[in-house]
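The values are calculated or read from the model by the stated rules, or taken from the named source; none is laboratory data. Not measured: the values here are computed from a predicted model. Here the Cβ is made from the backbone with ideal geometry for all residues, glycine too, and neighbour counts use every protein chain on show. Calculation scope for accessible area: heavy atoms of the full protein, side chains included, ligands and nucleic acids excluded. Shrake-Rupley method; radii C 1.70, N 1.55, O 1.52, S 1.80 Å.
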Amino acid sequence: MKIGRRRFMTAAACTAASGLLPARGVSAAGVELNHTVAAESPWFCNQVALTAKGDMFFGLPRYPDYDQTPCLAKQGPDGKPAAFPGNAWNEWKPGDDGFDSFVYVNSIHVFEDGTVWAVDQGALRADSYPPALSEPHKGAQKLVQLDADSGEVLRVLRFGDDILPKARN
């Protein structure tokens, strides 16, 4: 069976995040290990986070040809990922200001309180997009806290130029 890079990376990340890999020091030599695919994503995935009760979240970058990808998704009861929180936060389009939507999520994390935090750089990658899309609008660079169950946005911390100044060449 031939497997593409994207599917392999998604399966590897999901397997690692699920805790199914053996502990350090355990040798697999001569022993067949059972592996289970924890999730499959139709989108390029480079981040996985789990809540204590097992809810799986995916950080999904926007790259050329993947502009319509949501930035944050949650595995549904059917096992398939769906945009999370499932509203305008994942509906950014080129030309939007990105103030109340995810543009390019760099990282996701689930804390002990069960909330999901997403770091959004507020613009697309400068090495992949023209300057008009890779320069964040005011207030688009942010840290967003979401309720893992309801998707309610609990807090948005915005980064101004005093915290994230523009790059100097």
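Pull up segment 130-155, narrow it to residues that are part of a strand (DSSP E or B) and without any contact (Cβ under 8 Å) to a residue 40 or more places away in the chain, then point me to the one that is nearest to Gly86 (Cα to Cα).
Out of the qualifying residues, it is Asp147.
Restricting to segment 77-103, give me the number of residues that are over 15 Å from the mean Cα position of the chain (by Cα) and either open to solvent by less than 50 Å² (accessible area, probe 1.4 Å) or at positive phi (or both).
Within segment 77-103, residues that are over 15 Å from the mean Cα position of the chain (by Cα) and either open to solvent by less than 50 Å² (accessible area, probe 1.4 Å) or at positive phi (or both) number 3.
For Tyr63, state whether it is among the hydroxyl-bearing types (Ser, Thr, Tyr) and surrounded by fewer than 18 Cβ atoms within 10 Å (Cβ to Cβ).
yes
With respect to Gly160, determine if the residue is assigned to a loop (DSSP other than H, G, I, E, B) and closer than 13 Å to Gly98 by Cβ.
Taking the combined requirement at face value, the residue does not satisfy it.
Considering only residues that are part of a strand (DSSP E or B) and among the hydroxyl-bearing types (Ser, Thr, Tyr), look in segment 80-129 and name the one that is nearest to Gln145 (Cα to Cα).
The residue in question is Thr115.
Would it be correct to say that Asn106 is surrounded by 12 or more Cβ atoms within 10 Å (Cβ to Cβ), out of contact with any Gly (no Cβ under 9 Å at 6 or more places or on another chain) and not acidic (Asp, Glu)?
No; evaluated as a whole, the condition is false for this residue.
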